[in-house]
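The values are calculated or read from the model by the stated rules, or taken from the named source; none is laboratory data. Everything numeric in this text was worked out from a predicted model, so none of it was measured. Neighbour counts are summed over all protein chains in view; Cβ atoms, including those assigned to glycine, are modelled from backbone coordinates with ideal geometry. Surface accessibility is based on the protein's heavy atoms, side chains included, excluding ligands, DNA and RNA. Shrake-Rupley method; radii C 1.70, N 1.55, O 1.52, S 1.80 Å.
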Amino acid sequence: EVKDGRNREIYDVDVWQEKISQLKKNLEMIGGIDPEVTKEYETTKERYDFLFKQTTDLNQAIKSLEKVIYELDVTIKERFDQEFKIIQEKFSEYFKILFSGGSAKIIKVMADELEGQEPKDKIEATIAPESDKQLEYNNLQRIKFLRRHNATGLAGIEIEATPPGKKIRSISMLSGGERALTAIALISAIISANPSPFVVLDEVDAALDEANSERLAKILDDLSDKTQFIVITHNRASMRKASVLYGITMQADGVSQLLSVKLDEVKVD
């Protein structure tokens, strides 16, 4: 294609005829177009467009869910840290009440501290970038991250308890009675931080002596303004702190009878 002095385009007819002939030969080699091909194309394109739209919607839904999960995890972690701090303080307080001194604390054990993980860069070095394996690996890492780091990532807690006059810290070194008191202090701390409508205690003071029973009764009395306690007990100290007593007695004919006494209404002469 060239131009003359008047800037008009001049075409080489022979060149274009040769191109036309070549295109005709190509069409002859291809042959006629089957009418079914057009229908198949339209059907395939319609199916492709539908699946592409569904895939796009799913990817958007995944991103939205991940955002919601992240926001919930942040909120849960903040609330958990606040409540855990309260439980720590109350646990130490109730432990000192039950043991008349000493010290105790609870420590968070995170999931990451228990897992030996291979360095990320070492794993990625074996996988070609922008490949199907890389994409699969990224998705797997994302799932693992959501599983491991959702909410608090807490694997458990460790309890350090030191009764007065002792230097031990591990709870495994405590006697059976001391473990029971430590467990009672922790349960009381949890109830104080997150009170339930009512709590049932079944013979929790059975192994306690009179002095320890009095201390436990004092704690339950302090918590009774937050939670209603139903205590199954034979301990006099716990009974004295109760508002209502229910008991079972057997008559001479062998028939059991339920008795109830409202201690607030009892007049002491």
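Points to keep in mind about this one:
- All positions within region 69-84 that are open to solvent by less than 70 Å² (accessible area, probe 1.4 Å) and more than 20 Å from Ile190 (Cα to Cα): Ile69, Asp73, Val74
- Failed criterion for Lys218 (all others in (1) more than 17 Å from Ile97 (Cβ to Cβ); (2) in a helix (DSSP H, G or I); (3) open to solvent by 90 Å² or more (accessible area, probe 1.4 Å) hold): (1)
- Qualifying residue in region 139-152 (condition: within 30 Å of Leu65 (Cβ to Cβ), at pLDDT below 80, touching a helix residue (DSSP H, G or I) at 6+ places or on another chain (Cβ under 9 Å) and assigned to a strand (DSSP E or B)): no
- Of the residues contained in region 58-72, none is found to be touching a Gly at 6+ places or on another chain (Cβ under 9 Å), more than 27 Å from Leu174 (Cα to Cα), touching a residue at least 40 places away in the same chain (Cβ under 8 Å) and part of a helix (DSSP H, G or I).
- Residues of region 165-181 that turn out to be open to solvent by less than 40 Å² (accessible area, probe 1.4 Å) and in contact with a helix residue (DSSP H, G or I) (Cβ under 7 Å, 6 or more places away or on another chain), as a count: 2
- Taking region 224-246 as the range and being within 21 Å of Arg179 (Cα to Cα) and open to solvent by less than 50 Å² (accessible area, probe 1.4 Å) as the test, the residues that pass are Thr233, Asn235, Ala237, Ser238.
- Within the set Phe95, Phe84, the sole residue that is in contact with a Gly (Cβ under 9 Å, 6 or more places away or on another chain) and either at pLDDT 85 or above or farther than 30 Å from Asp209 by Cα (or both) turns out to be Phe95.
- Qualifying residue in region 227-247 (condition: more than 27 Å from Ser188 (Cα to Cα), assigned to a strand (DSSP E or B) and free of Cβ contacts under 8 Å to residues at least 40 places away in the same chain): no
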